[in-house]
Every structure is written in C-alpha cells, then in structure tokens.
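Following: one structure in structure tokens, then a few remarks.
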Amino acid sequence: MVPSPTLEPMDAPLSVDLNLPEDRPGPRLRRKAKRVWVGGTPIGDGAPVAVQSMCTTLTHDVDATIRQIDALQEAGCEIARVAVPDKRAGEALKEIVRRSILPVVADIHFDYKLALMALDAKVHKLRLNPGNIHNKDGVREVTRRAKEQGTPIRIGVNHGSIGDRQPGDLRDEAQRMVDLALSEIKILEDLDFDDIVVSVKAFDVPVMIAAYRRLAKAVPYPLHLGVTEAGTALAGSIRSAAGMSVLLYEGLGDTIRVSLSEDPVVEVKAAFDLLKSLGLRDQGLTLVACPSCGRADIDLIPLAKVAEERLRAMPTPMKVAVMGCEVNGPGEAKDADVGIAGGVGKGAIFRKGKVVGVYPEDKLMDALLAEIDKILVENGKEPYSQKAPKLSHEGMLTPGRSVPAGTRT
C-alpha cells in the first residue's frame with residue numbers, strides 16, 4: 001500500500017525566500033544610465049523619472065504655446081516638447097524658449113535645417129526621428145552644433161517610421177527598431193557625441209516592451225518611454241500603463257510621455273498617476289476610492305470625482321480616501337492620511353483609520369478640506385483649502401442614494 005503524502009499544516013511557513021529582490025514589493029533597482037540635463041531637469045543616473053508632454057498648439061502662435069506650457073507646468077510637467085514642422089515654427093522658437101517656464105524640446109522631422117534653426121534658438125533638447133531624416137550629412141552637421149552648444153539629442157525611433165521590411169529580413173519588429181536606433185546612435189558616437197536620450201516607441205505593447213528591454217542592454221543612455229498613438233483618455237491611458245508600467249517596474253525608463261488624443265494636461269495627470277502607482281514619484285494627491293456598489297450609502301462616484309479635481313493641485317504628498325460604506329471605510333483605507341467613509345445621507349471623516357467627525361453629505365467635501373488643512377498646519381505647511389478649485393457635486397447625485405442600502409427601489 002502506497003503511503004499517503006504528508007500534508008503540511010495550513011499555517012506552515014512559506015518555503016519561499018521573500019528577501020530575494022524579485023520577491024520584494026516595489027519596483028526593481030533603477031537601471032544605471034548616463035545623466036543628461038534638459039535645461040535644469042536631470043534625466044537618468046538616479047534622477048526621478050521625469051514627466052514630459054507635447055504642446056498641441058501651432059508653434060508659430062507663440063502666445064498660445066506659452067499659455068499651454070504654463071498650464072502643463074501647473075499640472076506638474078517638467079519638460080515641454082513643441083513641433084517644428086516648418087520655417088514659421090522654427091522662427092518662433094527663440095521667443096518660446098525665452099518665455100517658457102519649462103525646458104523646451106524641439107521635435108524635428110524630415111528637414112535637418114529645422115534642427116539647425118532650433119539650435120540657433122537655444123532649445124534645451126532636440127528630438128530627431130532617424131527614420132525620416134535621410135540627409136545623413138545634415139544629421140552630422142546638427143550633431144556637431146549640438147555638441148558645441150551642449151544640447152542633448154533624443155534619438156526617437158517610432159515603429160511606424162522604420163520602413164518596409166525587405167525580402168530575407170528575418171528580424172522581428174522590436175529588433176528592427178533597436179537596430180535602427182543603434183545605427184543612429186553610432187553616427188552621434190562617431191562624432192564624439194554622447195549627450196543622448198533614446199526611445200523605441202510602438203503602438204503594439206509587446207513589441208514596445210521587447211524593444212526597450214533589448215535597447216537597455218545595448219546602450220548606457222537614458223530611455224524615454226512611450227506608447228505611440230495610444231488613443232483617447234481611457235484607452236490610451238490603459239495602453240500606456242500596460243506598456244510603461246512593466247518596464248518601469250523592472251527599473252527601466254528615465255522619462256515618460258503618456259501620448260493621448262486629449263489636452264496635454266491630461267497626459268501629465270495620467271503620467272503622475274502611473275508613477276505614483278508604482279511608488280516612483282511622491283507628489284501631491286494620491287486618491288483612494290472604492291468602485292462603489294449596491295452597499296454604498298453615499299453618492300460616491302461624483303463625490304470622488306469632485307474630490308480628485310479639488311485636491312489635485314495640492315503640492316504636499318497626501319493619500320486621501322473616498323469610500324462608500326462602513327465595509328470599505330476606515331478599515332480598508334486605514335493607511336490613508338485622511339478620508340471619507342459613507343453613511344446614509346452623511347459620512348465620517350477619518351484620519352489613519354480613526355473617525356474624527358461625522359457630517360451631512362453636502363458638507364463632507366468642505367469637512368475633508370478642513371481636516372486636510374489641519375494635517376498640513378500640524379506639519380508646518382500652509383493650508384490648502386482656500387487655493388482649491390471651487391467645485392461641487394450638487395446636481396450630480398445618483399437617484400436612490402439618500403435611503404439605506406437594502407431598502408432602495
């Protein structure tokens with residue numbers, strides 16, 4: 001008779017070594033990369049992952065472009081890129097650089113002469129797409145000038161611009177992008193230029209991840225992460241997060257852009273939310289909100305949206321929770337600095353899991369802001385409530401949320 005296997009008790013300790021780096025919570029150690037300075041913003045070599053975006057204005061409209069750069073800076077953006085599609089845009093760069101609160105990157109396609117105009121304007125970085133600048137002598141001239149001025153260059157390879165596959169080429173799409181990037185990097189290195197940032201962006205997330213992983217092993221330069229043509233706010237943010245979060249968690253990536261078919265301020269908000277989710281940036285608001293359900297005794301969804309908008313400009317890092325009922329209240333969100341737990345037409349304000357007051361539903365947001373002010377003052381910071389946008393979720397209430405859960409019709 002075969003003996004039965006001995007079963008370990010359910011409370012037996014795990015035999016997994018949780019001290020191994022790959023088993024610890026949190027991102028891996030950052031990949032070491034050469035530091036590049038874009039104006040006063042560092043990229044690589046242990047610097048925080050920098051957030052950048054691209055203006056949607058016509059670059060030759062200097063006033064509109066500066067207004068958008070100012071809005072990006074207020075949202076937390078650290079580097080602003082502008083398109084330089086023609087001579088008019090190139091001529092506007094000098095004034096844009098002079099007035100911009102953020103470092104300015106000139107985005108150049110097709111014509112190397114536009115890159116020379118950007119250098120004349122003293123932009124803080126160039127972005128060149130090697131797939132569509134075919135004048136290699138021109139690229140060399142740009143490189144020499146950039147070296148003289150100390151202007152970094154991003155080699156930006158996009159999957160859509162690498163050209164058609166030739167007969168007999170057995171490389172996969174990721175390797176085709178990497179090889180093109182390496183060939184362009186070699187042009188710069190042969191001219192003794194190493195103030196380089198590199199990107200290999202693709203719409204297809206697995207291709208993008210593979211390309212960046214391979215590139216990271218091949219070069220010492222900082223990596224600019226992104227998913228091209230990602231889409232609108234919802235779909236694009238998900239696609240961008242699906243690609244970039246894998247790489248960032250593995251320690252790869254030194255600056256990011258979330259590319260969306262939206263106002264670029266939305267890109268910046270999405271980028272910071274992504275970085276905060278991975279523990280890579282600790283800036284301003286981190287909102288914890290339960291998804292709501294039939295148990296919710298408070299009008300949670302609009303309240304959470306209003307809380308996010310009113311608190312987003314808060315400069316001090318703080319975790320704020322908006323929870324729908326006593327099940328998902330102070331207990332589940334006990335690590336939040338402060339929060340709301342819903343009740344029937346009212347709610348509790350709690351700090352670190354301890355209830356500090358109960359208020360009517362229409363007073364909860366103001367009570368939350370008052371409690372946040374107390375926390376800030378206790379920590380030697382200026383109060384925030386008077387600076388917060390004046391928003392309300394009045395008129396956004398979900399029908400039936402003023403009666404107890406289980407008795408709604």
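List of remarks:
- Packing-based ranking, highest mean first, of 225-231, 198-204, 31-37 given that Cβ atoms within 10 Å are counted: 198-204, 225-231, 31-37
- Mean separation of Cα contacts under 8 Å (6+ apart) over length of region 274-322, as relative contact order %: 55
- Peptides ranked, highest mean first, by Cβ atoms within 10 Å: ranges 380-387, 57-64, 42-49: 42-49, 57-64, 380-387
- For Val38, the residues whose modelled amide H falls within less than 5 Å of its own, excluding neighbours fewer than 5 places apart on the same chain, are Ile43.
- Per-residue Karplus couplings for region 347-353, computed as 6.51 cos²θ - 1.76 cosθ + 1.60 with θ equal to phi - 60°, are listed in order as x, 9, 9, 10, 10, 6, x Hz, Gly and Pro entered as x.
- Think of it as helices only: each DSSP H run of n ≥ 4 in the chain is worth -39500 (n - 2.57), and spread over all residues that comes to -11000 deg cm²/dmol at 222 nm.
- For Lys113, the lysines whose Cα falls under 22 Å of its own Cα, not counting residues fewer than eight places away in the same chain, are Lys87, Lys94, Lys122, Lys125, Lys136, Lys147, Lys186.
Here, each number is a calculation from the coordinates, and none is a lab measurement. All values reported here derive from a predicted model rather than from experimental measurement. We place every Cβ from the backbone using ideal geometry, glycine too, and count neighbours over all the protein chains shown.
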